Amino acid sequence: MTASTVGFVLGTRPEIIKLAPVIQECHRRGIDTHVIHTGQHYSDSLDAVFFRQLGLSPPDTNLEVGSDDHGAQTGAMLAGIEAELHDVEPAVVFVQGDTNSTLAGALAGSKMDIDVAHVEAGLRSFDDDMPEETNRVIIDHISDHLFPPTEETAALLRNEGIPEDRITVTGNTIVDAVQTYDDRAASESQILSELGVTEGQFDLLTAHRAETVDDRDAFERILSGVSRASAQADREVIYPIHPRAEDRLEEFGIAVPDRVRLVEPLGFFDFLRLESTADVVFTDSGGVQEETSILGTPCVTLRYGTERPETAFVGANCVAGREPSGIVAAAAQMRGKAGDWTTPFGDGNAAVQILDAIPKLAVGEAVTATE
């Protein structure tokens, strides 16, 4: 028997990284894949470099949708993905996370009666002001196979009435990716010397979410709080700046504090190396909360809630909000932690478990989509 074609829809850095282990496990099983890139991130520094570093072939299709309002962006993605799925007729289409790319991929598959598999299902921030929260709920309720990373996220799905036979707890594929590539990042990345920083003697900042950078006051408060927190420990802050955030700095005329050094967006290996060697990481990113918890680096989340509460439960993360005083206090609490907590997202075997949970893709069970 030959393997079914399996579709993957992705559009952002976290989706590329977190779906890479599943794509690679398909290839190990002899299963053909068809990767549809929506182009939600359209900068080479934010997507193509990750394909190269992760050892993935370029996507089979790039819709090049780019940035737009939510409705226009999602609609363009939906039309393009639907056309691709008509041509490919995959047995299953995989989506990951909570972006507009994920929503469009899940909607297209569901409407075409193709099995939809949602990697990293069940996350909830309980913040309805986040567009991603709406996406998460819709995607989970229209998916056929849901792969929550923890028992806690699985319980949230059950509480929403999703049938047990659609839910499989697998851990998170980010553990697979970090465990696979951390040693390579340490040996191949030269980012510490390029930036002139010493391991453990700098802080790292990521801030790009709309609620963080599209509000001038919020953005200024965050930069002020991070700068003050780092000054207390005599640390410089390295900030690989997302194009969205860079545009807002210019638009709002925000003066970046002297303590904060802006650098260009980084590839996966360089960013992983900075995450693993920073003293403290400040972030508004859910994915960075996960990565730092795996790497043993203390994290301060620049939001008032998180859909990754497990990181706080194990002591890897402190949710600080956006007020400078809260950021300073959270950094003082986290700085110097040993990083010896237990990783809450599994043992690095998520991709295998995910494919094993779909009978037509399990080892020895794969069949062609037309059989």
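The values are calculated or read from the model by the stated rules, or taken from the named source; none is laboratory data. Bear in mind the structure is a predicted one, so any value in this text is a computation, not a measurement. So basically every Cβ, Gly included, is an ideal-geometry build from the backbone, and we count neighbours across all protein chains shown.
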### Qualifying positions in the range 232-280 - of a type in the set (Val, Ile, Thr), under 19 Å from residue 210 (Cβ atoms) and surrounded by 18 or more Cβ atoms within 10 Å (Cβ to Cβ)
241
### Query
Got a number for residues in the range 208-226 being modelled with pLDDT of 95 or more, aliphatic (A, V, I, L, M) and surrounded by fewer than 22 Cβ atoms within 10 Å (Cβ to Cβ)?
1
### Query
Does the range 332-345 include one or more residues that are within 30 Å of residue 4 (Cα to Cα) and either more than 24 Å from the chain's Cα centre (by Cα) or at pLDDT 95 or above (or both)?
yes
### Message
I'm trying to understand the selection: among the residues of the range 12-34, which are outside any helix (DSSP H, G or I) and either without any contact (Cβ under 8 Å) to a residue 40 or more places away in the chain or more than 21 Å from the chain's Cα centre (by Cα) (or both)?
### Response
29, 30, 31, 32, 33
### Query
Is one or more of the residues making up the range 51-74 among the hydrophobic types (A, V, I, L, M, F, W, C), at pLDDT below 95, surrounded by fewer than 22 Cβ atoms within 10 Å (Cβ to Cβ) and outside any loop (DSSP other than H, G, I, E, B)?
yes
### Message
For the range 248-336, give me every one of the helices (runs of 4 or more DSSP H) that falls completely inside it and has 2 or more residues that are in contact with a Ser or Thr (Cβ under 6 Å, 6 or more places away or on another chain) and in contact (Cβ under 8 Å) with a residue 12 or more places away in the chain.
### Response
268-277, 286-295, 309-313
## Note on the structure
Checked the range 180-207 for anything buried (at least 16 other Cβ atoms within 10 Å of the Cβ) and in a loop (DSSP other than H, G, I, E, B); matches are 189, 197, 207
### Message
Need the failing condition index for residue 178 against (1) at pLDDT 95 or above; (2) in the same structural domain as residue 300 (by TED's automatic domain parsing), just the number.
### Response
(2)
### Yes/no for residue 125 being closer than 18 Å to residue 59 by Cα and either of a type outside the set (Asp, Glu) or crowded, with 16+ Cβ neighbours inside 10 Å (or both)
no
### Summary
Counting only residues that are surrounded by fewer than 24 Cβ atoms within 10 Å (Cβ to Cβ), among the β-branched types (Val, Ile, Thr) and out of contact with any Phe, Trp or Tyr (no Cβ under 7 Å at 6 or more places or on another chain), the range 165-177 contains a total of 2
